[in-house]
Protein chains: 2
Amino acid sequence: MVASVAVARALDRDLQRQAGLTLAEHHLLAIVNEADPQGIRPTDLALASTLTKSGLTRAVDRLEALGYIGSRVCPSDGRGQLLVLTPKGRQKLRRSAPDFFRSVARHFADYLTDRETETLATAFGRIAAADRA
Amino acid sequence: MVASVAVARALDRDLQRQAGLTLAEHHLLAIVNEADPQGIRPTDLALASTLTKSGLTRAVDRLEALGYIGSRVCPSDGRGQLLVLTPKGRQKLRRSAPDFFRSVARHFADYLTDRETETLATAFGRIAAADRA
DNA sequence: CGGAATAACTTGCGTAGGCAACTAGTTGAT
DNA sequence: ATCAACTAGTTGCCTACGCAAGTTATTCCG
């Protein structure tokens, strides 16, 4: 826990300095970017992220206010929405990517051997998957 | 990050339900418990925990108010303190340990093979150590 | 087709905790 | 001995976010 919190904090600080986004916000943009181009439902986004639904509502509000995310009512369910990246959001993500990857390397990846990275990905993937079961 | 946040949240919830402590607070008690019996300096405790100095000040205030931690002025440095567990704090820790270990097993350790656990401990230990350099 | 039970968000409220500025004690240089 | 530079801890301010209680839309059952 000490290590993972330290890494998260380091990434967060770098991101805020370099892109004006928190780690959580940047992560949301990244998830939306890789999701179905039709858009992603908030509940799914919350599940794929580190936030609860309430945290997500507010984070999405912020990202919408910044113009990085757009939303429209879900055609198949009037209660829900579909969230997509705006062009501005896509651009933001593209532009902040290099710095972000460097940051991940410096604070995390560079400390691991390839074997460790692989083991870690498997193990943590398993845990993340189990958690949603 | 998704996995580690999920695990932390699960442990936190269990601890709050079972012991009325947050994960961070419980962790502080555990660190103090294993430190020099003369006491530990707040700055060292912050470094060994997931908190910054300011977060630590407040967490320690809470734990003192609950009677789990005691403090006295550091004899060798009038600015600082030495923090120790009270008997009540030691008891609290002993009593919450079994539930806590079960919680760690259920949400985390049970998902890992012995090999993975070892790799993980090595790798994360390295990262945590590097971060303080 | 009406009405309970459920699901998708949202919001009110409360709290932990970071940052940066502050206070007070210590050390070191002249 | 004095004064500057540093360090330990604290505090004011602010924000993110979790929980639980709403709201609105949907579904399913009679």
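Give me the percent relative contact order of region B:2-131, please, defined on Cα pairs under 8 angstrom at least 6 residues apart. Here the relative contact order equals 24 percent. Stokes-Einstein diffusion for region B:60-106, with the hydrodynamic radius set to the Kirkwood value over Cα pairs and evaluated at 20 °C in a medium of 1.002 mPa s, equals 177 µm²/s.
Remark on A:CYS74: its backbone amide H falls under 5 Å from those of A:GLY80, A:GLN81, A:LEU82, a criterion applied only to residues 5 or more positions apart or on other chains, H modelled at 1.01 Å from N. Ordered by 1.4 Å accessible area with all protein chains kept, B:LYS88, A:LYS92, A:LYS53 run largest first as A:LYS53, B:LYS88, A:LYS92.
Placing +1 on each Lys and Arg Cβ and -1 on each Asp and Glu Cβ, with no other charges, gives chain A a dipole about its Cα centre of roughly 400 debye.
Charges were assigned to the Cβ only: +1 to each Lys and Arg, -1 to each Asp and Glu. The resulting dipole of the protein assembly as shown about its Cα centre is roughly 700 debye. With θ taken as phi - 60° and the Karplus curve 6.51 cos²θ - 1.76 cosθ + 1.60 applied, the whole-hertz 3J(HN,Hα) list for region A:10-17 is 5, 5, 4, 5, 4, 5, 5, 5 Hz, x standing for glycine and proline. Helices in chain B, meaning DSSP H runs of at least 4 residues, each add -39500 (n - 2.57). Divided by all residues, the mean residue ellipticity at 222 nm is -22000 deg cm²/dmol. Among B:ALA30, A:ALA24, A:THR119, which residue has its Cα positioned farthest towards the positive end of the charge dipole of the protein assembly as shown, with +1 placed on the Cβ of Lys and Arg, -1 on the Cβ of Asp and Glu, and the dipole taken about the Cα centre? Farthest along the dipole direction, towards plus: A:ALA24. Mean per-residue shielding of peptide A:117-127 is 5, counting Cβ atoms of other chains within 10 Å of each Cβ. If you bin all the Cα-Cα distances of the protein assembly as shown at 5 Å, starting from zero, the percentages per bin are 1, 5, 11, 13, 15, 15, 14, 11, 7, 4, 2, 1, 0, 0.
The 3J(HN,Hα) values that the Karplus relation (6.51, -1.76, 1.60; θ = phi - 60°) gives for region A:117-126 are, in residue order, 4, 5, 4, 4, 4, 4, 5, 6, x, 4 Hz. Gly and Pro appear as x. Note on A:VAL73: accessible area approximately 100 square angstrom, rounded to 10, probe 1.4 Å, nucleic acids and ligands left out. Quick one: if the Förster radius is 45 Å, what FRET efficiency do A:ASP36 and A:THR113 give, using the C-beta to C-beta distance and rounding to 0.05? Efficiency, rounded to the nearest 0.05: 0.80. Taking 0.36 nm per residue of separation and subtracting the Cα-Cα distance, full extension of the segment from A:THR122 to A:ARG58 would add 19.9 nm. When you filter the trypsin sites (Lys or Arg not before Pro) in region B:100-133 for DSSP loop state and at most 16 other Cβ atoms inside 10 Å of their Cβ, you are left with B:ARG132. Here the Debye sum runs over all C-alpha atoms of region A:78-133 as equal scatterers in vacuum, and log10 of I(q)/I(0) at q = 0.19, 0.21 Å⁻¹ comes out as -0.91, -0.91.
Principal-axis analysis of the Cα atoms of chain A puts helix A:87-107 at an angle of about 20° to the longest axis. The mean count of C-beta atoms from other chains within 10 Å of the C-beta of residues in B:35-48, rounded to a whole number, is 0. Per residue, the protein assembly as shown exposes 56 Å² of solvent-accessible protein surface, assessed with a 1.4 angstrom probe and all protein chains in place. Sequentially through region B:19-34, phi angles give Karplus couplings (6.51, -1.76, 1.60; θ = phi - 60°) of 10, x, 10, 6, 4, 4, 5, 4, 4, 4, 4, 5, 5, 4, 4, 8 Hz, Gly and Pro residues having no value and appearing as x. Per the Debye calculation on chain B with a single equal scatterer at every Cα and no solvent contribution, log₁₀ I(q)/I(0) for q = 0.14 Å⁻¹ amounts to -0.71. Proximity of backbone amide H atoms, modeled 1.01 Å from N, is registered between A:ILE69 and A:GLU64, A:THR86 at under 5 Å, excluding neighbours fewer than 5 places apart on the same chain.
The values are calculated or read from the model by the stated rules, or taken from the named source; none is laboratory data. Not measured: the values here are computed from a predicted model. Please note: Cβ atoms are built from the backbone with ideal geometry, for glycine as well, and neighbour counts cover all protein chains shown. Ligands, DNA and RNA are stripped out before the accessible areas are found, and what is left, the full protein with its side chains, is counted by its heavy atoms. Shrake-Rupley method; radii C 1.70, N 1.55, O 1.52, S 1.80 Å.
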